[in-house]
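This report refers to the structure that appears directly beneath it.
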Amino acid sequence: MIWKEDIETLEPAALKALQGDYLKKLIPYIYENCAVYKGKLDAAGVAPDSISSIDDIKRLPFTTKEDMRDNYPYGLFAAPQDRINEIHVSSGTTGNPTLVGYTKDDLGLWSDVMARVLCCAGAVPGDTIQIAYGYGLFTGGLGFHYGALEMGLRIIPTSSGQTARQLKIMQDFKPRIIACTPSYALYMAEEAKEMGLDPTQGNWKIGIFGAEPWSDSMRDEIESIWNMLATDVYGLSEIIGPGVAQECHHKDGLHIFSDVFYPEIIDPQTGEEVPEGADGELVITTLTKQGIPLLRYRTRDIVSIRREKCRCGRTSPRISKIRGRTDDMIVVRGINVFPSQIEHVLVGIEGTQPHYQIIVDRAAHKLDQVEVLVEVDQKFFSDEIKRLNEIRDQIRKEIQAVLSVGVKVTLVEPKTIERSMGKSKRIVDKRTL
Amino acid sequence: MKITQISVFLENRKGRLSDVCSLLGSNGVNIRALTIAETESFGVLRIVVDKSDSAIKLLRENQFVANFTDVVAIEVPDQPGGLASVLKVFADNDVNIEYMYGFVEKFSDKALLVMRFEDTDFAQQILAKHNVPVVTEKEIEGL
């Protein structure tokens, strides 16, 4: 089932025309209602009435996370606060938090794109969904809630945490759909086993996982451990929250709802568009949002994009799973390192659950050191030191082969690497650069 | 006659060995034999206890990685050359020992040794053929 079939299956030319119409209305609206953007557009020499098609988007200035922080709290709002119905705040590790605000129409947009997400994952009206993303200032819980309401699903708003209760609710009310972070899905499987439950006999048949990068090998593990279809959802609060893009059951890229969230893939260094299919930074323009419309927002997520029609019938472009983040990416001795590369190796080695942490350090006048902590699993533990050393060396060699950087691998006791209910902390960078 | 050894993964961190021993002790599990193999960052604790099943359950419930390993406990005359005479039997018959360690307490006038073989079944045949006395699980429970 396709929620907005007329829009989601538009022919490319019609889609482009629709995007152009939106942009023609958006630029004058922003120019008149947001002083910060008026300044940026003036500086870029873009007259508000000079937009003739979506191709003019390349003339627009970028917007960055720093722009949001620098103009905290209300600088980037185009709607007055008395028209804002809901705000969400994400904590900042440095400086100001990020504030986003939704008008009533924006909440309607959010409900619509989240209903598209749920349908795309395979939900049908009458399904029950367990929403184990955090409710509150984090956009995950409420975003799914609005979409599920729009679609007419039965909602169990468990929010995150209280794993034993999550599992009991799954058994008692038999929701077919679970929405949470992928690391929490694995964590719940471990807890289920410890409680004597067999996760393959669980009730969840469709998982909608996001809010953190995860690999295809982690998907394989979740699907086999829970015996479910595990799909990837993408979003960020600056754009709308969850609801920007979603995989269909073909699991062949995430359908980005480009009629309202216009995507570009650029080289993060030069700002130029990369060729189709090449990795680059995802940049999004919100074409219809009123509260905080954003022009060419730099997501810092590294993806590639494909534009051919999907077997499911949707014509919207598809983005790859997030391959890394321009800011999570660590550069070690000149080489780009993404946590997903290390995760892929670990899942590939028999018995190794992907519970790991990457620690980067640099002693004075020395080269960067990379240490990967890997939790020992019951499945590969041996009473013989030489066997444990063999496994450790195998992990080290495979990681080194993938990264082309020397690493140290340290085996640690289970459950000693911090588990997060929300986003996992995969990298600890101790370097003072 | 094989006996059961419990192997436990331990990081080289302060108090971890104490944690294991306290956990077993406070639950009435008695350690009969013990050794630690260590590397720079981790170690493997190997123990023979009187109640193996409840011990491994306890350990796993408390987030330790612990496995069973088959070992053989043999009796060696507690006198000069006692161990050498047994080891010669192994050497002559191509039996490889992975590691070995002694019991915490004495059992009659013999010394008790726990041995982990590369091929436990083969080692047992050789032991039986050469009449080397081995200790049964029951005898260990009664120690």
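The values are calculated or read from the model by the stated rules, or taken from the named source; none is laboratory data. Computed from a predicted structure; not experimentally measured. All Cβ positions, even for glycine, are placed from backbone atoms using ideal geometry, and neighbour counts span all protein chains on display.
Key figures for this structure:
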{"item": "Flag if residue B:51 is farther than 26 Å from residue A:374 by Cβ and surrounded by 13 or more Cβ atoms within 10 Å (Cβ to Cβ)", "result": "yes"}
{"item": "The lone exception for residue A:96 - which of (1) of a type in the set (S, T, N, Q); (2) buried (at least 19 other Cβ atoms within 10 Å of the Cβ); (3) touching a helix residue (DSSP H, G or I) at 6+ places or on another chain (Cβ under 6 Å) it fails", "result": "(2)"}
{"item": "Within the stretch A:369-379, tally of residues that are buried (at least 16 other Cβ atoms within 10 Å of the Cβ) and over 13 Å from residue A:428 (Cβ atoms)", "result": "4"}
{"item": "One residue from A:222, A:177 being among the aliphatic types (A, V, I, L, M) and either more than 18 Å from residue A:321 (Cβ to Cβ) or not assigned by TED's automatic domain parsing to the domain that holds residue A:12 (or both)", "result": "A:177"}
{"item": "Subset of the stretch A:8-52 that is of a type in the set (Val, Ile, Thr) and assigned to a helix (DSSP H, G or I) - its residue that is surrounded by the fewest Cβ atoms within 10 Å (Cβ to Cβ)", "result": "A:36"}
{"item": "Selection count, the stretch A:153-168, where residues are crowded, with 18+ Cβ neighbours inside 10 Å and more than 24 Å from the chain's Cα centre (by Cα)", "result": "1"}
{"item": "Extreme residue, surrounded by the most Cβ atoms within 10 Å (Cβ to Cβ), among residues of the stretch A:282-313 that are touching a Ser or Thr at 6+ places or on another chain (Cβ under 6 Å) and basic (Lys, Arg)", "result": "A:298"}
{"item": "Failed criterion for residue A:224 (all others in (1) outside any loop (DSSP other than H, G, I, E, B); (2) surrounded by 20 or more Cβ atoms within 10 Å (Cβ to Cβ); (3) at pLDDT 95 or above hold)", "result": "(2)"}
{"item": "Residue selected from the stretch A:391-420 under the condition among the hydroxyl-bearing types (Ser, Thr, Tyr) and in a loop (DSSP other than H, G, I, E, B), by the criterion farthest from the other protein chains (Cβ to nearest Cβ)", "result": "A:404"}
{"item": "First in the stretch A:378-390 and at the interface with chain B (Cβ under 7 Å from one of its Cβ atoms), second anywhere and part of a helix (DSSP H, G or I), Cβ under 8 Å, 6 or more apart", "result": "A:378/B:60; A:381/A:388"}
{"item": "Those strands (runs of 3 or more DSSP E) lying entirely in the stretch B:1-103 with at least 1 residues farther than 26 Å from residue A:415 by Cα and more than 14 Å from chain A (Cβ to nearest Cβ)", "result": "B:31-38, B:66-77, B:97-102"}
{"item": "Residue in the stretch A:68-83 that is part of a loop (DSSP other than H, G, I, E, B), within 13 Å of residue A:295 (Cβ to Cβ), aromatic (Phe, Trp, Tyr) and in contact (Cβ under 8 Å) with a residue 24 or more places away in the chain present", "result": "no"}
{"item": "Residues (within 17 Å of the chain's Cα centre (by Cα), modelled with pLDDT of 95 or more and farther than 14 Å from residue A:235 by Cα) located in the stretch A:116-139", "result": "A:120, A:121, A:131, A:132"}
